[in-house]
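So the structure is just underneath, and the comments pick up after that.
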Amino acid sequence: MENSDTDPRLLVLAPGDNIAVARLEIADGTVLQVAGRSVTLQRAMGFGHKLALRDIAAGERIVKYGAPIGSATVAIALGDYVHSHNVASNYMASTVPVEAAL
């Protein structure tokens, strides 16, 4: 999905997503347009890695492909790297004890 307010090196997969995906490797220090605002990357982004399209509150769902893929474990600022250090998977949560599932 194209978004003229976001750098073409980033891909927004569906309306309502709050993250974008890197279409290629992007070096730290690179200035990108993200949702119409200039953002300087604080760390390099690998191909397929995620970046916040807006501020995301701690506990808020991370939405990719129009579906929640996890929840923010801390506040994530516009343009921040979104990965396992600041997201908990919603798929890993279970109400069934592991022993009972075996």
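Structural remarks
- When the strands (runs of 3 or more DSSP E) confined to the stretch 17-63 are screened for residues that are surrounded by fewer than 16 Cβ atoms within 10 Å (Cβ to Cβ), those reaching at least 2 such residues are found at 37-40.
- If you go through the stretch 64-92 and pick out every residue that is among the polar types (S, T, N, Q), in a strand (DSSP E or B) and over 11 Å from the mean Cα position of the chain (by Cα), you end up with 1.
Here, each number is a calculation from the coordinates, and none is a lab measurement. Note that the structure is a prediction, hence the values are computed from the model and not measured. Here Cβ is always computed from backbone atoms with ideal geometry, including for glycine, and neighbour counts include all displayed protein chains.
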